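Notes follow the structure.
Rule-based calculations on the coordinates, nothing more; no lab input. Everything numeric here is computed off the predicted structure, so don't read it as measured data. Counting neighbours? That spans all protein chains shown, and the Cβs are built from the backbone with ideal geometry, glycine included.
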Amino acid sequence: MATATPKPMVLDGHEVREMTDAELAQHELDKAEAAAQAAAQASRAASRQAVLDKLGLTADEAAALLG
Amino acid sequence: MGANAVTTVPVYTAGEVLTAADMNITNSGIPVFATTVTRDAAFGGTGEKTLAEGQFAYIEATNTTQYYDGAAWQSVGVTPGLVFITGATFSAVTSVSLPTSTFSATYTNYLVQFYATTATAQADITARFRAAGADNTTSNYSYASNGVYSNGNDANLSGNAVSSFAMRGIYTNLPFSATLTISEPQTANEATVTGMVNANGNTTTALTASLAFAGLFNDSTSFDSFSFLASAAITGNYKVYGYSNS
């Protein structure tokens, strides 16, 4: 028999309780959004590094060049 | 009336023979009165000092020390600039919401100190305003964090018209702390969050990040609370203070 995965706990004021269904849905949404943002940030950093590599510049040299 | 309370502040004349009771009153230091009524009755009568500037008194009813400035009695001490409102510790939770009505008409601005000591996994920390027991998830949050990681890399973070404030995160056994001033969450003005964040950890490594944080809720909604949200369970504590309005 499958057992339900326990929901994350929250501190609501002075009460510790399980997340409501709505809170859990928002929590999952937030995690997905954070992961997408992190991936986008990593992609931007990789693109930037690729350009620097093509130009043969370090990050400090690029920063100095761009002022 | 306590053992030190007096009902008169005597004055003695030349050649007068003093009793032990007279000396006990004289040696009592700042005279102690049960109430301001007995204080007022203790001066100016026959055989009593005339009330004058510089006189001190302790009032049992209010546990206050007062001085007379020549025109009125004033309380000794100053109103504190910060007044503790609430605080709590938490263990293995994924969100921490301040109690309902933490923000009220009593104060306009608030200081929040949030400290997470550990997390069950690397966790991103975000925050939202809250009202009547529910976080506000509308896309009215805008923020800009100017920061740097301890290896010198850029830790800047920003969001415009998004559904929460992002504050980077916590890396398992390294802490996350935020000292935030929350301005005008209850007024008709837009609420802002200003402060410093000490975040330890990003998605792959345990790096310290220093962030100067500025956030805006771009709507005049009134809030009575604030929530910190984590993508994994966190343990720690928080304290909230109200800035005195005068």
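Listing for the model above:
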| quantity | calculated |
| --- | --- |
| Fewest-first sequence of B:M23, A:M19 by Cβ atoms within 10 Å of each Cβ | B:M23, A:M19 |
| Among B:A161, B:P175, B:A123 - extreme Cα towards positive end, dipole of the stretch B:82-243, charges at beta-carbon | B:P175 |
| Alpha-carbon spread of the stretch B:59-161, three principal axes, descending order, Å | 62, 36, 30 |
| Positive-end residue of B:W73, B:T8, B:G147, charge dipole of chain B with Cβ unit charges | B:G147 |
| Rh (Kirkwood; distinct C-alpha pairs) - the stretch B:20-75, Å | 11.7 |
| Coarse-grained scattering of chain B at q = 0.07, 0.09, 0.10, 0.15 Å⁻¹, given as base-10 log I(q)/I(0) from a Debye sum over alpha-carbon atoms | -0.43, -0.57, -0.62, -0.94 |
| Total charge dipole magnitude, the protein assembly as shown, about the Cα centre, Cβ charges on Lys, Arg, Asp, Glu only, Debye to nearest 20 | 600 |
| In sequence order, calculated HN-Hα J values of the stretch B:80-88 (Karplus, 6.51, -1.76, 1.60; Hz; x Gly/Pro) | x, x, 10, 10, 5, 10, 7, x, 6 |
| 222 nm mean residue ellipticity, helices alone, for chain A (DSSP H n ≥ 4; -39,500 (n - 2.57); rounded to 500) | -22500 deg cm²/dmol |
| Dipole magnitude of the stretch B:111-225 about its Cα centre (Cβ charges: Lys, Arg +1; Asp, Glu -1), debye to nearest 20 | 240 |
| Helix-derived mean residue ellipticity, 222 nm - over chain B, DSSP H n ≥ 4, -39500 (n - 2.57), to 500 | -1500 deg cm²/dmol |
| Note, ³J(HN,Hα) from phi for the stretch B:60-67, Karplus 6.51, -1.76, 1.60, rounded to Hz, x at Gly and Pro | 5, 4, 10, 6, 10, 9, 10, 10 |
| Whole-angstrom Cα spans of the protein assembly as shown along principal axes, big to small | 104, 63, 38 |
| Value of relative contact order over chain B, rounded to a whole percent, pairs C-alpha under 8 Å and six or more apart | 24 |
| All lysines inside 18 Å of A:K31 as judged from Cα atoms, apart from same-chain residues fewer than 8 positions distant | A:K7 |
| Tail weight of P(r) past 19 Å, computed on alpha-carbon pairs of the stretch A:1-58, percent | 58 |
| Total charge dipole magnitude, chain B, about the Cα centre, Cβ charges on Lys, Arg, Asp, Glu only, Debye to nearest 20 | 660 |
| Whole-number D in µm²/s for the stretch B:84-136 (Stokes-Einstein; Kirkwood sum over Cα pairs; 20 °C, 1.002 mPa s) | 164 |
| Separation between Cα centres of the stretch B:87-116 and the stretch A:37-67, rounded to whole Å | 39 |
| Rounded to 5, percent antiparallel among DSSP beta bridges of chain B | 95 |
